[in-house]
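Structure record follows, encoded as structure tokens.
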Amino acid sequence: MYCNNLKHKQGKNAAMIHSKHIYVVTLLSLLLGACATQFRPINLNTSYMTSIHEGDVVQGEKIIASGKPVLKHNKGDLLKDRYWWALSGIQIVPQKEGVAFDLTNIGPKYTPFGADLPLLDFKQQPVVLKITARAESSDGSLPLISLQFDDAEGMQANAKRPEARIGNTTEFMDYYFDCSDMWMQTWPDKKEVNATIINKWLFFVNPGGSGYTGKIYIKAIQALPIDSLRPNPEFKIPVGIEGGVVANFNAKNISEWWNSAAYSLAWETDSSLKVVCSKAGANYEAFGMKLPQTMNAKMAYRVIIKARFEGEGYPELRMDLIDCNGSLSNGNPQSNWLEPTKKGEFVEYLYIYKDDVFQAYPTRRELDKERITDILLFVNPGKDGWSGTIYIDEIKFVYTGEVGRQSDR
């Protein structure tokens, strides 16, 4: 790609590429909608391009728009001189050596932290990132870190994020992230990411999964040749219990629940969860909860929701399971259509997760059924918006012997 052929993206939140300059805008302003802050322009003249491409002859207008090979930048040290930013729920804690992040319930809403990068080329030589880190949490949770890079044209390498689970250890340990085959964007549309002009990175903790509260300490981030790749230490959440009630609302506390804008959640005086729906469904709006205990759905593959509703029609209530890795059971969705009752009594609806429990989007993954940490609920997913009120009295995982009611309407 030549400099003159790069597209100029309009707007103060875009990475603006001119015929001889690349202006890099902070990702913080992009995500927060604040006023854009520009870094010093990178001058893509012959002198600059020759300086980062040693031994190459660069003449006239034939200027290759690519960053400095990542292994040559600071000898591969990517932690040095980083400007970190974080969104709500994440605090940056400076350290004498490295950096730390204090997180509160991070994961379900894909909340990242990150940093700007100088213009870097990850394509010239496949690399692995070695991140020296440790974690600590009061409840023993093990955070899953997922890494994403963005290029200077705004493309996001979100199709295949390398990831590693960080252990609660007193000593720092090395974790390896394979960056050799991750340069594709699948959302919002499928496009190739230009690995030669990478200028941002984002870190997601438990993306789409159980909310993590704790601290992550990062001591070093080093780019290495791909043959330096090593297996990561294995830290597994213990296998869940084989069934039990996960929600009965006898107490007024519903702090483990969260909701999107289409829903309003409240504790009802009959000891149920009151879910007020406002045109819910068309955009796959969801609400959900972090389970009080990890569940083993391999052994307790039946889930019963005791519910009733007030409103028109027959609202569909779908439930997805989320495992310890943040994978959703959206490949084979389980749903029930709620039915009206004459006296407004609660009805048991059965959801079965015995076979074909996998994630289809954004990437296919088999769920770790022995370690289910969250549930996600949708009303009329992908259909006409439904308005009304649903009351949930109880949710429980059962092994065998208890039969619920699975509607076929």
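Each reported figure results from applying straightforward, stated rules to the coordinates on display, with no laboratory input. Bear in mind the structure is a predicted one, so any value in this text is a computation, not a measurement. Using ideal geometry, Cβ is built from the backbone for each residue, glycine included, and neighbour counts are taken over all protein chains shown.
Partners of residue 96 within straight-line reach, counting aspartates and glutamates whose Cα lies under 20 Å from its Cα and excluding those fewer than 8 residues away in the same chain: 77, 81, 136, 171, 174. Here the dipole of the stretch 244-398 is about 140 debye; that uses its Cα centre as origin and unit charges on the Cβ of Lys and Arg (positive) and Asp and Glu (negative). The phi torsions of the stretch 289-302, fed into the Karplus equation with coefficients 6.51, -1.76 and 1.60 and a -60° offset, translate into couplings of 8, 8, 5, x, 9, 5, 10, 9, 7, 6, 9, 10, 8, 9 Hz, rounded to whole numbers, with Gly and Pro shown as x. Across the stretch 271-287, rounded Karplus estimates of 3J(HN,Hα) from the backbone phi angles (6.51 cos²θ - 1.76 cosθ + 1.60, θ = phi - 60°) give 6, 9, 8, 8, 10, 8, 9, 10, 6, 7, x, 4, 9, 6, 5, 9, 9 Hz, Gly and Pro being marked x.
What is the percent of Cα-Cα separations in the stretch 244-398 that go past 27 Å? The proportion of pairs with Cα distances above 27 Å equals 17 percent. Highest-first packing order for the peptide set 211-221, 95-105 is 211-221, 95-105, based on the mean count of other beta carbon atoms within 10 Å. Over 30 Å apart at the Cα level, from the set 306/383; 80/290; 72/109; 298/343; 190/383; 109/396, are 80/290; 72/109; 298/343.
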